[in-house]
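Here's the structure, in structure tokens; my notes come after.
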Amino acid sequence: MTGGSIGIFDSGVGGLGILSEVRALLSSADLMYVADQAYAPYGERGLAAVRERAFAVSEYLIDAGASTVVVACNSASAAALHELRVRFPAMSFVGMEPAVKPAVGATQRGTIGVLATEATFQGELFASVVDRHARGVSIVARACPGLAAAIEEGGDVDGLVRRFTTDVVGRGADTIVLGCTHYSFVADQIRSAAGDGVSVIDPAPAVARQVARVRSDRGGTDSGTTRYLTTGDPERFASQIERLTGTRRPAISVEIGA
Ligand code: DGL
């Protein structure tokens, strides 16, 4: 008997940070990662288009044997997490929400910067997180157009990081929430652009802990495999994995229609 695999998806490489945190906690789980690169970036598409992709990719993962789906993308979580749970009630979904709650505990000056995509700020999820956790605290919501794509392409991200980070710090933030999974890969650059006295919160470890909690009652004889799939070019994806994680992995091409 198997407990089913864990399917993880993002528009591209961003969710690889979540994947590695999940692997660190669940050494024997079978993991399946989909980078929906043919439709990236999600964050600059409308919510309806992102929702459609989230449905299609989740359905693919479920058909391929996933019993838990991790929406390792803030934009897709903002667009579709609630609807995914309604549409696939038998499945467990773990999604991303901007880590405003721990940031409220960390801020000294009462101002929190959130760096995320436009789609994440448009979704109701962000408004509800702020409403639930950020009473009495100022939120500087900063959309970062082009940053996820620059991380994806390996372009010069320094200028973008500096621009967006100095903007939120200049507006008083002493705590910065990484509200897009791609940004984990430039957390150090964000820290150095922010300067001393500013904390940067990456939710990836907390999300992985949530995945481990959801999986804790599942039996199974999983063998610790990881499969890397992309709707884009598998060679390019394999090179991106190597650039970002230091290890080359084979990637497989997959077609996931709407
Ligand atoms: N990694 C995704 C997120 O967390 C979005 C990147 C994109 O715009 O595709 O929002």
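The values are calculated or read from the model by the stated rules, or taken from the named source; none is laboratory data. Values in this document were obtained by computation on a predicted structure and should not be read as measured data. All Cβ positions, even for glycine, are placed from backbone atoms using ideal geometry, and neighbour counts span all protein chains on display.
Quick notes on this one:
- Here the stretch 35-55 is the region considered, the condition is being among the aliphatic types (A, V, I, L, M) and farther than 25 Å from residue 239 by Cβ, and the residue that is farthest from the ligand (Cβ to nearest atom) is 48.
- Considering (1) within 30 Å of residue 168 (Cβ to Cβ); (2) among the polar types (S, T, N, Q); (3) away from the ligand (no atom under 11 Å from the Cβ), the lone condition that residue 58 does not fulfil carries the number (1).
- Elements of type helices (runs of 4 or more DSSP H) in the stretch 79-196, at least 1 residues being within 12 Å of the ligand (Cβ to nearest atom): 118-122, 124-133, 147-153
So that you can scan it fast, the table gives a plain yes or no per residue for (1) out of contact with any helix residue (DSSP H, G or I) (no Cβ under 8 Å at 6 or more places or on another chain); (2) among the acidic types (Asp, Glu); (3) free of Cβ contacts under 8 Å to residues at least 40 places away in the same chain; (4) closer than 21 Å to residue 132 by Cβ:
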{"site": "25", "(1), (2), (3), (4)": "no, no, no, no"}
{"site": "75", "(1), (2), (3), (4)": "no, no, no, yes"}
{"site": "85", "(1), (2), (3), (4)": "yes, no, yes, yes"}
{"site": "91", "(1), (2), (3), (4)": "no, no, yes, no"}
{"site": "98", "(1), (2), (3), (4)": "no, no, no, yes"}
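- Total residues in the stretch 152-163, condition surrounded by 13 or more Cβ atoms within 10 Å (Cβ to Cβ) and either touching an Asp or Glu at 6+ places or on another chain (Cβ under 6 Å) or over 16 Å from residue 14 (Cβ atoms) (or both): 3
- Filter result for the condition that a residue is more than 14 Å from residue 95 (Cα to Cα), modelled with pLDDT of 95 or more and not charged (D, E, K, R), over 76, 54, 72, 40: 40
- Residue list for the stretch 68-78, filter: outside any helix (DSSP H, G or I) and either polar (S, T, N, Q) or more than 8 Å from the ligand (Cβ to nearest atom) (or both): 68, 69, 70, 71
- When residues of the stretch 10-28 are limited to those that are farther than 15 Å from residue 240 by Cβ and surrounded by fewer than 24 Cβ atoms within 10 Å (Cβ to Cβ), the one farthest from the ligand (Cβ to nearest atom): 28
- Scanning the stretch 210-235 for residues that are farther than 17 Å from residue 67 by Cα and assigned to a helix (DSSP H, G or I) yields a total of 2.
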